[in-house]
Structures are given as C-alpha cells and as structure tokens.
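Structure first, then comments.
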Amino acid sequence: MLSYSAMRILYLANGIPVPGSLGGSTHATEVAQGLAVRGHEVHLIAAQRSGWSGFAPLLRSPKPQPYAGFHLYQHNVPKALTLLAWKPLFNLVKKISPDVIMERYYNFAGAGVWAAQRLGLPCLLEVNALIVDPQVIFKRRLDDLLGGPMRYWALKQCQWAACIVTPLQTTIPSEIPRQKIVELPWGANVMRFQTAAERNGKAQDKEALAIFVGSFRAWHGALDFVRAADLLLAAGKPYRFKLIGDGPERALAEQLAKAWPTQITFTGALPYAAIPGELKQAVVGVAPFTTAGHPALQAAGFFWSPLKVYEYMAAGLPVVTTDLPPLRSIIREAQEGYLFPEGNVKALAGAIERVLEDQAQAFKLGQQARSRVVAHYSWARHCAELERLLTQI
C-alpha cells in the first residue's frame with residue numbers, strides 16, 4: 001500500500017449541516033473523518049442546523065471545536081449568502097494555513113476555491129450535482145436573462161480547481177477538460193452497519209419486511225413504493241412495508257397507504273444512528289428512484305451517488321432499485337438484488353415479491369451485496385482515493 005505524507009486539509013462544505021441527518025451531512029462527516037483517520041489534519045467548515053442568527057457571522061470567522069477526530073467550524077450563514085462571508089472565510093484560510101483546500105460545490109459557494117487561487121494553494125472541487133441547470137429551470141432562465149453570472153462563476157471555479165471529483169462527469173460543463181475530472185462514487189460506512197449485516201446474514205426466518213429510507217421527494221420514489229405495496233397486499237401477500245424519512249410527498253404517501261394501517265407504516269425522520277437498527281429488521285431495501293419531474297437528472301443522467309443503496313448493501317440486504325445507469329452497475333441483476341424498469345410499479349412489486357418469497361435466496365443476495373460494497377463502495381475506499389488525488393495536486 002502506498003504511504004502518503006500527512007497534510008493539513010481545509011474542507012469547505014458551506015450550507016451542509018454537520019452534524020445532521022441529510023445525505024450531504026453524512027458525506028461531509030465521513031470524508032472529514034476518513035481523511036483524519038488516514039493521518040491528516042482536517043478542518044471542516046460546515047453549517048449549523050439552527051436558523052440564521054443575524055449578520056454577525058458574515059463578519060467574523062467561526063471558532064473550531066473537536067468533532068469525530070477533526071476540527072469542525074460551524075458557520076451560521078444561509079446558503080444563498082455564503083459568498084458575502086468571503087472575508088472571514090479568507091481570514092480563516094490564512095489562519096489555518098492548509099496544504100490543500102477542498103470545497104463542495106453549490107451555486108452560491110466558491111469562497112474556498114477563490115481563496116486557494118488568491119493564495120496559490122492547490123484546490124480540489126467536489127461536485128455532487130449538475131452545476132449548470134437545464135434551461136427549463138427558472139434559475140437558469142433568470143441567469144441567462146442577467147447575462148449568465150452564475151454560469152460564469154461555476155466555470156471559473158472549475159477552471160481554478162486543480163482537480164474535480166464527481167459521481168458522473170456529465171455534471172461538469174463540456175468546456176472543462178475531461179482529464180481534470182475524476183468520477184468518484186460516494187460510499188457506506190461499512191463498520192457502522194456491521195451488526196446489521198451480521199444479523200441479516202443469518203439464515204433464519206424473519207418477518208417479510210421491505211424497507212424504504214428516503215427524503216420523500218418525488219425522485220426518491222416513495223409513492224411508487226407505496227403503490228407497489230398496495231398491489232402486493234391487495235393480492236393477499238403477508239408482507240409488511242416500512243418507510244423512514246420525511247419530505248414533501250409524505251402526506252400523499254400516507255393517504256395512499258390508508259387502507260393498510262398496520263401493514264404499511266411510517267416512522268418519520270429518524271436520527272442517523274437509528275438507521276442500522278432499522279435495517280436489521282428488514283429482508284429487502286428498496287430504492288425506486290425516478291428521473292421523472294427532475295430535469296437535471298433527465299439532462300445529465302442519474303448523477304447521484306445513491307447513499308441509501310450503499311447502506312442497504314452494507315447492512316447485508318439485497319436491494320431492489322431502478323434499472324438505470326449507474327444503478328445497474330452497482331446492483332447487478334440477481335447478484336446483489338433485482339432491477340425494474342423506471343416508473344413500472346407492477347414490475348417494482350414483482351421484484352419485491354421475488355425477494356420476500358425466497359428468504360434463503362435473499363440472505364445469499366444480501367451477503368453478496370455486503371461483499372460488493374466493502375470491496376468497491378466504502379467511505380474508506382473513497383477517502384483513500386481522495387488522499388491520492390490531494391497528494392497528487
């Protein structure tokens with residue numbers, strides 16, 4: 001194994017609450033902690049979960065606090081105003097004196113990339129979504145009307161960065177050379193889900209429970225999950241379905257499930273620490289993603305790195321998910337789970353039934369899923385690759 005010198009790394013994830021239960025919160029925490037475990041001094045600038053407390057944070061630098069093995073700075077500034085806090089962030093960069101800067105991209109960020117450019121520091125830009133919206137999005141049309149300042153700023157950050165990491169390179173405008181882009185998927189904390197995997201790997205009869213964890217936004221497919229559950233229950237199948245999370249479509253999902261109050265249950269949002277325990281009870285994890293109604297996904301492809309899929313796998317669960325790239329390369333048909341055509345509720349129900357009707361096969365698929373995520377999609381592997389790239393730049 002290659003050995004790298006310890007670095008002082010400044011990681012800006014402005015607008016992402018740490019600690020927090022969002023996927024971005026998990027991502028930022030796991031990356032900062034993973035790099036710290038590898039021997040680096042990591043300083044993470046993130047957001048507080050509480051609301052904005054006034055203009056003072058725009059004028060002063062946040063104070064550090066120890067957290068999970070790294071230095072955490074909670075910057076209480078709304079996401080849309082982050083660039084207005086450039087001066088205290090710039091002063092903080094100079095005070096920390098990092099060897100390298102990482103910044104998580106979003107439309108109103110960029111102070112870290114700019115500071116790196118001003119101070120002659122190498123910078124890695126982390127991109128997790130399409131950075132120039134399709135023209136059907138109002139924000140893009142407004143930007144075009146104003147002469148394209150947001151597009152200009154996005155391109156500038158990409159140009160200044162020495163390296164760009166993203167789950168799918170189509171998130172980056174075509175003007176940016178492809179050789180500076182590295183496709184790097186997210187991962188799962190495989191040790192966090194170890195106990196769940198051990199239980200799910202035992203060949204024992206369990207209640208036939210299918211589980212969904214998500215944000216209840218349209219593209220997570222919660223409504224399709226409930227519709228599939230309704231088909232199976234109406235056919236007399238003795239299954240249970242649990243939905244964990246909250247979001248805009250939760251009320252409609254509960255309305256669709258009202259005929260089955262004991263068979264389809266909703267927990268609401270749970271602390272992240274509670275998720276492994278919930279997954280221990282399930283036989284299958286379901287991720288019925290859909291790109292319908294999400295213009296960015298339809299324009300660039302499925303660029304999300306599916307955290308819930310990796311965590312189902314880490315818990316030793318077979319996964320039912322949509323037959324889309326790159327999902328079909330993570331979950332291979334009849335090897336780590338089953339795939340169904342996007343939006344086809346009947347096929348989704350059939351895939352869930354296929355798992356729940358044969359628990360012996362489900363255990364086998366779950367163990368194969370666990371082995372695959374450990375080998376290819378862990379946060380440890382993600383951080384090892386980040387370490388290589390940061391050293392290289």
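With all pairs of different alpha carbon atoms counted, what Kirkwood hydrodynamic radius in Å does the chain show?
Numbers: mean 1/r = 0.0455 Å⁻¹.
Final number for the Kirkwood radius of the chain is 22.0 Å.
What's the angle, to the nearest 10 degrees (0 to 90), between helix 149-160's Cα axis and the longest principal axis of the chain?
80 degrees
Ser21's amide H: which non-local residues (gap 5+, or another chain) put their own amide H closer than 5 Å, with H modeled 1.01 Å from N in plane and none for Pro or chain starts?
Excluding prolines and chain starts, which carry no amide H, there are no hits.
With N residues in region 94-161, what two-decimal value do you get for its Cα radius of gyration over 2.2 N^0.38 Å? Intermediate results must be reported in sequence, preceding the final value.
Working: Rg = 13.4 Å, N = 68, 2.2 N^0.38 = 10.9 Å.
Compactness ratio reported: 1.23.
Using a simple charge model, +1 on the beta-carbon of Lys and Arg, -1 on the beta-carbon of Asp and Glu, nothing else, what dipole does region 194-376 show about its Cα centre, in debye to the nearest 20? Show your work: numbers first, answer last.
Values: 19 positive and 17 negative charges, 43 e Å.
Once rounded to the nearest 20, the dipole reads 200 debye.
For region 194-376, what mean projected area does the convex hull of the alpha carbons give, in nm²?
Mean orientational projected area (region 194-376, Cα hull): 9.4 nm².
Once the Cα atoms of helix 23-37 and of the chain are each reduced to a long axis, what angle between those two axes, in degrees from 0 to 90 to the nearest 10, is obtained?
Roughly 70 degrees between the two axes.
To check you understand DSSP bridge types, tell me what percent of the beta bridges within the chain (both residues inside) are antiparallel, rounded to 5. All intermediate terms of the calculation are to be shown ahead of the outcome.
Working: 4 of 49 bridges.
Taking every DSSP beta bridge with both residues in the chain, the antiparallel ones total about 10 percent.
Which Cα, out of Leu72, Pro17, Ala129, lies furthest along the positive dipole direction of the chain (beta carbon charges, K/R +1, D/E -1)?
Leu72
Report the residue, chosen from Pro62, Pro271, Pro19, that carries the largest GNM mean-square fluctuation when the chain is represented by alpha-carbon nodes joined by springs under 10 Å.
For the chain, modelled as a Gaussian network with Cα springs under 10 Å, the answer is Pro271.
What is the distance in Å between the Cα centres of region 98-169 and region 309-326?
30 Å
So how strong a dipole does the chain carry about its Cα centre when Lys and Arg Cβ are +1 and Asp and Glu Cβ are -1, to the nearest 20 debye? Write out the running numbers ahead of the final one.
Details: 40 positive and 29 negative charges, 168 e Å.
Magnitude of the dipole: close to 800 debye.
Place the peptides 318-330, 85-97 in order of packing, highest mean first, counting for every residue the other Cβ atoms within 10 Å and averaging per peptide.
Listed from highest to lowest mean packing, they are 318-330, 85-97.
What is the helix-to-structure angle for 379-392, meaning the angle in degrees between its Cα long axis and the longest Cα principal axis of the chain, kept from 0 to 90 and rounded to the nearest 10?
Its long axis makes an angle of about 20 degrees.
Between their Cα atoms, which of Lys280/Lys308; Lys258/Lys364; Lys95/Lys156; Lys139/Lys308; Lys206/Lys258 are more than 22 Å away from each other? Write down the numbers at each step before the final one.
Values: Lys280/Lys308 14 Å; Lys258/Lys364 34 Å; Lys95/Lys156 25 Å; Lys139/Lys308 28 Å; Lys206/Lys258 25 Å.
Violating the 22 Å Cα-Cα cut-off are Lys258/Lys364; Lys95/Lys156; Lys139/Lys308; Lys206/Lys258.
Values in this text are rule-based calculations from the coordinates and carry no lab data. Predicted, not measured: the structure shown is a model, and the values here were computed from it. Here the Cβ is made from the backbone with ideal geometry for all residues, glycine too, and neighbour counts use every protein chain on show.
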